[in-house]
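Below is one structure, written out as structure tokens; comments come after it.
The values are calculated or read from the model by the stated rules, or taken from the named source; none is laboratory data. What you see is a predicted model, and the numbers here were worked out from it, not measured in a lab. Every residue, glycine as well, gets a Cβ built from its backbone with ideal geometry; the counts of neighbours run over all protein chains shown. Just the protein is used for accessible areas: all its heavy atoms, side chains included, with ligands, DNA and RNA removed. Shrake-Rupley method; radii C 1.70, N 1.55, O 1.52, S 1.80 Å.
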Amino acid sequence: MMPKPSLGGAKAPTWITLVLLVGTNVFLCVQLNRSHDLREKVEDQLVTAESSLEYALKESLKQGGLTPANSEDTFSVVVILDERGCAACILSELSALNAYWESLEQNTRVYYCGKRGKYLEEREIRFEYSRLTSTAKIFGENLGPINPVSVLMVGGQILDVRVSTPTNMYHEEIASAWYAGVGLLL
């Protein structure tokens, strides 16, 4: 006659496996939470063109270097064009502004930074703009040429900063779509 296996002996490996499984799951959850926290810290410290410009724009708004086109309780748009920036980007921005100016006009202020309005005076434009002698008034002394920057604001707060990028082969379509979408908000 064969001896019956002991139930207590079979339960020990099962309990050990269960404890190891639970322990591994807890360890993985803790590591996952740590990685999320680390990712958030890195994202907060990550400097991008848009985040740098957003910081400079916020400071300029505080100091009165830029002013929105309307009261603080509605959406407004600020557009900054720098004659030293990407020529193709400026032209696509001008085209998009012209196309949607009717819906943007009441809530949009356009600034042109440069000594002369060569991109504006040589073309038919439908919008009004204020001329600035340099971007240093808005962004400080250390920033070089700026591609067109479009800022969506509400209540004095910046909601979105879009920088035209010549490396994106769809920069014309992106500018047009951005102004079309903003025009719907206004």
Say whether the condition of being surrounded by fewer than 14 Cβ atoms within 10 Å (Cβ to Cβ), small (Gly, Ala, Ser) and modelled with pLDDT of 80 or more is met by at least one residue in segment 46-57.
no
Qualifying positions in segment 144-173 - open to solvent by less than 70 Å² (accessible area, probe 1.4 Å), of a type in the set (A, V, I, L, M, F, W, C) and more than 13 Å from the chain's Cα centre (by Cα)
Ile146, Val154
The residue that is modelled with the lowest pLDDT, considering only those in segment 31-45 that are surrounded by 10 or more Cβ atoms within 10 Å (Cβ to Cβ) and among the hydrophobic types (A, V, I, L, M, F, W, C), is Leu38
Condition first: touching a residue at least 60 places away in the same chain (Cβ under 8 Å) and either of a type in the set (A, V, I, L, M) or more than 18 Å from Leu61 (Cβ to Cβ) (or both). Can you find one or more residues in segment 110-120 that meet it?
no
Residue count, segment 82-104, condition free of Cβ contacts under 8 Å to residues at least 40 places away in the same chain and either farther than 16 Å from Glu173 by Cβ or in contact with a Cys (Cβ under 8 Å, 6 or more places away or on another chain) (or both), comes to 4
Has segment 148-160 got any residue that is farther than 19 Å from Leu61 by Cα and either at pLDDT 80 or above or of a type in the set (A, V, I, L, M) (or both)?
no
